[in-house]
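Only one structure is covered here, and it is reproduced in the block below.
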Amino acid sequence: MDLNIHASFLPHDDPDAALAFYRDTLGFEVRGDVGYEGMRWITVGPAGQPGTSIVLHPPAADPGVTEDERRTITEMMAKGTYASIVLSTTDVDGVFDRLQASDAEVVQEPVDQPYGVRDCAFRDPAGNMVRIQQLKGQ
């Protein structure tokens, strides 16, 4: 089979803050910014990788989500337990320094993990966990 990851979805509760974090701090390209009925879907991705994207979406947009579910999603986002993503780099310490200088919320400073990566973790403006990993030896 020939399968690739095309898009991953992360919720946002402030499209401008999400855009600033993913575009300005992480350096991702903006591939789409669509508004509908007061909501925005922003598609970003790493330069040079046009086939891989993150869609930053309003969590309340799904018409199948009940009010109770929306409330639970909002509570989980506030705690930083709703969504996460793992990114990779060849310079985790350099990325950490850049993110720390931007006042992003640090969850974990760079550390060598026993499973073969050096990684760190931050929360994006919506509370999503963003882990950044570097394979040992890179």
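Odds and ends about this structure:
- Residue in the range 21-43 that is farthest from the chain's Cα centre (by Cα), counting only those that are outside any strand (DSSP E or B) and exposed (fewer than 14 other Cβ atoms within 10 Å of the Cβ): Glu37
- Filter result for Ala126 (modelled with pLDDT under 90 and within 15 Å of Asp14 (Cβ to Cβ)): no
- Residue check, Asp68 part of a loop (DSSP other than H, G, I, E, B) and free of Cβ contacts under 8 Å to residues at least 40 places away in the same chain: no
- Taking the range 53-65 as the range and being modelled with pLDDT of 95 or more and either part of a loop (DSSP other than H, G, I, E, B) or in contact with a Leu (Cβ under 7 Å, 6 or more places away or on another chain) (or both) as the test, the residues that pass are Ile54, Leu56.
- Count - residues of the range 76-91 that are over 12 Å from the mean Cα position of the chain (by Cα) and closer than 15 Å to Glu105 by Cα: 4
- Residue under evaluation Phe96, criteria (1) touching a Cys at 6+ places or on another chain (Cβ under 7 Å); (2) exposed (fewer than 14 other Cβ atoms within 10 Å of the Cβ), criterion not met: (2)
- Taking the conditions (1) farther than 23 Å from Gly27 by Cα; (2) in contact (Cβ under 8 Å) with a residue 60 or more places away in the chain in turn, Thr81 satisfies each one other than (2).
- Filtering the range 82-134 to residues that are among the charged types (D, E, K, R), assigned to a loop (DSSP other than H, G, I, E, B) and either closer than 15 Å to Tyr22 by Cα or in contact with a Leu (Cβ under 6 Å, 6 or more places away or on another chain) (or both) leaves Asp103, Asp124.
- Top-ranked residue of the range 109-138 - restricted to ones that are exposed (fewer than 14 other Cβ atoms within 10 Å of the Cβ) and polar (S, T, N, Q), ranked as nearest to Ile5 (Cα to Cα): Gln138
- For the range 63-73, the count of residues that are under 26 Å from Ser102 (Cα atoms) and surrounded by 15 or more Cβ atoms within 10 Å (Cβ to Cβ) is zero.
The values are calculated or read from the model by the stated rules, or taken from the named source; none is laboratory data. Note that the structure is predicted; figures quoted are calculated from it, not measured. As a convention, Cβ positions derive from the backbone with ideal geometry for all residues, glycine included, and neighbour counts pool all protein chains shown.
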